[in-house]
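Below: the structure, in structure tokens.
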Amino acid sequence: MEKKALLVVSFGTSHNAAREAAIDKLEQELAAAFPDRKFYHAWTSKMIIRKVRERDGVVHDTVEQALEKMVNDGINDLLIQPTNIINGFEYEDILETTGNAADHFSRIRIGNPLIACRKDYEDVADILKKQADALDADEALVVIGHGTEHYANAVYPELLNVLRQKGCRNIFVGTVEGKPDFDEMQDELSKTEFNKVCMMPFMLVAGLHALEDMAGNDENSWTKRLEKQGYQVHCQIKGLGENAAIRALYLDHARNAYSFPK
């Protein structure tokens, strides 16, 4: 007998309000889109899993634990939708862990992260353009990704290229731990006439990076550094998962998931 499941995998967050607004909302919509599949979820950050368990008494499975549960439940047809932004280290870890358990399932399909092909760049750029178009004429939108040493970090400069190709001159892209970094972003911004900046995290959840690196009161936060340069700054403390249009892209990726080789 065929037993189907949907597994949604996220990095996780210790900020409950941000989790409810982004991860939980996306999980609910994915579960509703596949009513014939039993729902499971997992987080990849063991540090955050431990923190939430010790603080709140709430237990979140790792990918390994979720896969083991599904095997024990007799699941044989598995659809996995990661909520990663790019095909980086975390996404690769999900693929590796899934591969180790592949023999326990008759069929596995895995959806792409948010940006994995040219259409994804176009779709995400259109969403950002719509947000930027709502700003004042003298205001720039700065989107801040996580960044990584993985070669998939190339997504961020390429997204900026696509935005420019679409004529978006009021959007700038930076990353906390990759390229373009703050200095590179600020250098491009300084070549324009914008004197106001709206910043938003280009991350699924508005967690620690958004609250501290982007909007924090520390002198090294992006907000304080831009204010020292004379810009008027305000921040949108909302993760990408709070945007219905972004969530719809993840649903499309789940529907178009590719078969995992066994």
Open item on the list: Among the residues of the stretch 35-44, what is the count of those that are open to solvent by less than 10 Å² (accessible area, probe 1.4 Å) and of a type outside the set (Phe, Trp, Tyr)?
Closed with: 1
Open item on the list: So, in the stretch 63-84, how many residues would count as being open to solvent by less than 20 Å² (accessible area, probe 1.4 Å) and assigned to a loop (DSSP other than H, G, I, E, B)?
Closed with: 2
Open item on the list: Which count do you get for residues in the stretch 210-261 that are acidic (Asp, Glu), open to solvent by 60 Å² or more (accessible area, probe 1.4 Å) and touching a residue at least 12 places away in the same chain (Cβ under 8 Å)?
Closed with: 1
Task: For CYS117: the one exception among (1) surrounded by 16 or more Cβ atoms within 10 Å (Cβ to Cβ); (2) without any contact (Cβ under 8 Å) to a residue 60 or more places away in the chain; (3) within 18 Å of the chain's Cα centre (by Cα) - done: (1)
Open item on the list: Quick check on ILE49: is it in contact (Cβ under 8 Å) with a residue 60 or more places away in the chain, β-branched (Val, Ile, Thr) and either open to solvent by 60 Å² or more (accessible area, probe 1.4 Å) or outside any strand (DSSP E or B) (or both)?
Closed with: no
Task: Members of the stretch 143-178 found to be in contact (Cβ under 8 Å) with a residue 12 or more places away in the chain, in a loop (DSSP other than H, G, I, E, B) and farther than 20 Å from ALA206 by Cα, listed by number - done: GLU149, HIS150, LYS166, CYS168, ARG169, ASN170
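The values are calculated or read from the model by the stated rules, or taken from the named source; none is laboratory data. Only a predicted model underlies this, so the values are computations on that prediction, with no experimental measurement involved. So basically every Cβ, Gly included, is an ideal-geometry build from the backbone, and we count neighbours across all protein chains shown. For the accessible areas, the whole protein counts, side chains as well, though only heavy atoms, and no ligand, DNA or RNA atoms are used. Shrake-Rupley method; radii C 1.70, N 1.55, O 1.52, S 1.80 Å.
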